[in-house]
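S.K.: Pasting a structure below so you can have a look.
The values are calculated or read from the model by the stated rules, or taken from the named source; none is laboratory data. Owing to the predicted nature of the structure, the values given are computational and were not obtained by experimental measurement. Cβ atoms come from the backbone with ideal geometry, glycine included; neighbour counts cover every protein chain shown.
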Amino acid sequence: MKMILSEDIISVTDFARGTKEHLAELTKTNRPRVLTQNGKAAAVVLSVACYEEMAHEAEERRLDMELKAALEAYDRGDRGRPLDEAFADLRRKLFNSTRVK
């Protein structure tokens, strides 16, 4: 997702006047738009596909970091929790989430 500054920065007023066209362009180019108000950046508008791609990449990064931390802990000798303890926690969480409140 690469921005083209001359095309991807527009005023809120311009966006409001041509919302339908701007949304079609967002979907077509898959590039975000920076909306300005009084000459200053005020918001970023993304297509659904662009947002989903960013969310997916962020989740992949989070999982990579979690795995890296777990591997580093294992390398330091931390072998985690006993299996019966981990399953007991999972059962407790499941039980608490299914209880009628």
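S.K.: Name the pairs whose Cβ atoms lie under 7 Å apart, with the first residue in the stretch 44-66 and at positive phi, the second surrounded by 10 or more Cβ atoms within 10 Å (Cβ to Cβ), and 6 or more positions between them or separate chains?
M.R.: none
S.K.: Tell me which residues, restricted to the stretch 8-35, are in a strand (DSSP E or B) and either at pLDDT 95 or above or of a type outside the set (D, E, K, R) (or both). Outline the logic, then answer.
M.R.: From the stretch 8-35, those in a strand (DSSP E or B) are 9-11, 33-35; that's our starting set.
Within the stretch 8-35, Ile9, Ile10, Ser11, Val34, Leu35 meet the criteria.
S.K.: Check off (1) surrounded by 10 or more Cβ atoms within 10 Å (Cβ to Cβ); (2) part of a helix (DSSP H, G or I) for Arg81 and give me the number that stays unchecked.
M.R.: (2)
S.K.: What's the total number of residues in the stretch 36-56 that are within 20 Å of the chain's Cα centre (by Cα) and assigned to a strand (DSSP E or B)?
M.R.: Residues that pass the stated criteria total 4.
S.K.: Okay, moving on. Could you go through the stretch 58-78 and let me know if any residue there is within 20 Å of the chain's Cα centre (by Cα) and under 30 Å from Val12 (Cβ atoms).
M.R.: Yes, the stretch 58-78 has at least one match.
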